[in-house]
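Heads up: the structure comes next, in structure tokens.
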Amino acid sequence: MAVLTLTDESTSIVQAERLFKALILDAHNLIPKLLPQAIKKVEVVEGNGGPGTIQQITIAEGDNIKHLKHRIDAIDKENLAYSYTVIEGDGVLEKVDSISHEIKFEPNAEEGSKTKNVSKYHPKAGVEIKEEDFKAIREEDSAILKVVEAYLVANPDAYA
């Protein structure tokens, strides 16, 4: 089956370094704190937080997906880049063997930042997937970004 590749780009008024620290390096602490109604907990099930680490994310009640596991593939603090692969999950995630994500944060001219996320959905044998299958997940990711952005704007010393 063909791999489905989707690219999302967004801009923010928050500096790239602060977004990277909050959304990548400390996401396991910050996101459950800011969004307890969406993310119950993020826990390391294997590894030390670097490449190869596997994290399990428990989603709050009422969502189609109750849990997922992802493996950290690379963290490049100097270039503000991060890649990870979703390796397990329920709901719509049962249609894929994996979903790989490559995220890059870049400064922009207005002192904010631009974020680019390239996602590759690898379907299970015999399963056809479409962009619409993952629309809700992508919207939730965008909403998380906006909540973290609002937190960073309201707390200018956080992750500075």
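No value in this document is a laboratory result; all are computed from the given coordinates. Just so we're clear, the structure is a prediction, and the values are computed from it rather than from any experiment. Methodologically, a virtual Cβ is constructed for each residue, glycine included, from the backbone with ideal geometry; neighbour enumeration extends over all protein chains shown.
Residues in the range 5-22 carry Karplus couplings, in order, of 10, 10, 10, 10, 10, 9, 10, 9, 7, 8, 4, 4, 4, 5, 4, 4, 4, 6 Hz; the curve used is 6.51 cos²θ - 1.76 cosθ + 1.60 with θ = phi - 60°, and Gly or Pro positions show x.
Checking every one of the trypsin sites (Lys or Arg not before Pro) in the range 128-160 against DSSP loop status and a limit of 11 other Cβ atoms within 10 Å picks out 130.
Relative intensity of the range 1-128 on a log10 scale, I(q)/I(0) at q = 0.09, 0.15 Å⁻¹, equals -0.28, -0.78, per a Debye sum over C-alpha point scatterers of equal strength in the absence of solvent. Can you list the aspartates and glutamates whose alpha carbon is less than 15 Å from that of residue 116, not counting same-chain residues fewer than 8 positions off? Those aspartates and glutamates meeting the cut-off are 8, 9, 17, 76, 102, 106, 139, 141.
The amide H of residue 41, built 1.01 Å from its N in the peptide plane, has 58 as neighbours under 5 Å, considering only residues 5 or more places off or on other chains. Summary value for the chain: 29 percent relative contact order, contacts being C-alpha pairs under 8 angstrom separated by 6+ residues. Against the main long axis of the alpha-carbon atoms of the chain, helix 135-154 sits at an angle near 20°.
Counting other C-beta atoms within 10 Å, and keeping those with at most 16, which DSSP coil GluC sites (Glu not before Pro) do you find in the range 66-160?
On the way: sites: 78, 88, 94, 102, 110, 111, 128, 131, 132, 139, 140, 149; in loops: 78, 110, 111, 128.
Passing sites in the range 66-160 are 78, 110, 111, 128.
Annotation: amide H-H contacts under 5 Å for residue 66 (H modelled 1.01 Å from N, sequence separation of 5 or more, or interchain): 90. Neighbours of residue 46, meaning other residues whose beta-carbon lies under 15 angstrom from its beta-carbon, give a summed charge of -1 when Lys and Arg score +1 and Asp and Glu score -1. Karplus-based coupling profile of the range 70-82, in residue order and whole Hz: 9, 10, 6, 9, 7, 10, 10, 5, 5, 9, 6, 10, 8, with θ = phi - 60° in 6.51 cos²θ - 1.76 cosθ + 1.60 and x standing for Gly or Pro.
With charges only on Cβ, +1 for K and R and -1 for D and E, what is the dipole size of the chain about its Cα centre, in debye, rounded to 20? Please list the in-between numbers first.
Values: 19 positive and 28 negative charges, 43 e Å.
That gives the chain a dipole magnitude of about 200 debye.
In order along the range 117-129, the Karplus-derived 3J(HN,Hα) couplings, from 6.51 cos²θ - 1.76 cosθ + 1.60 at θ = phi - 60°, round to 10, 9, 10, 10, 9, 9, x, 5, 4, x, 9, 9, 10 Hz, and Gly and Pro are given as x.
In deg cm²/dmol, rounded to 500, what helix-only [θ] at 222 nm does the chain give when every DSSP H run of at least 4 residues adds -39500 (n - 2.57) and the total is split over its residues? Each step should come with its number before you reach the end.
Numbers: 3 runs with 33 residues, N = 160.
Calculated at 222 nm, the ellipticity per residue is -6000 deg cm²/dmol.
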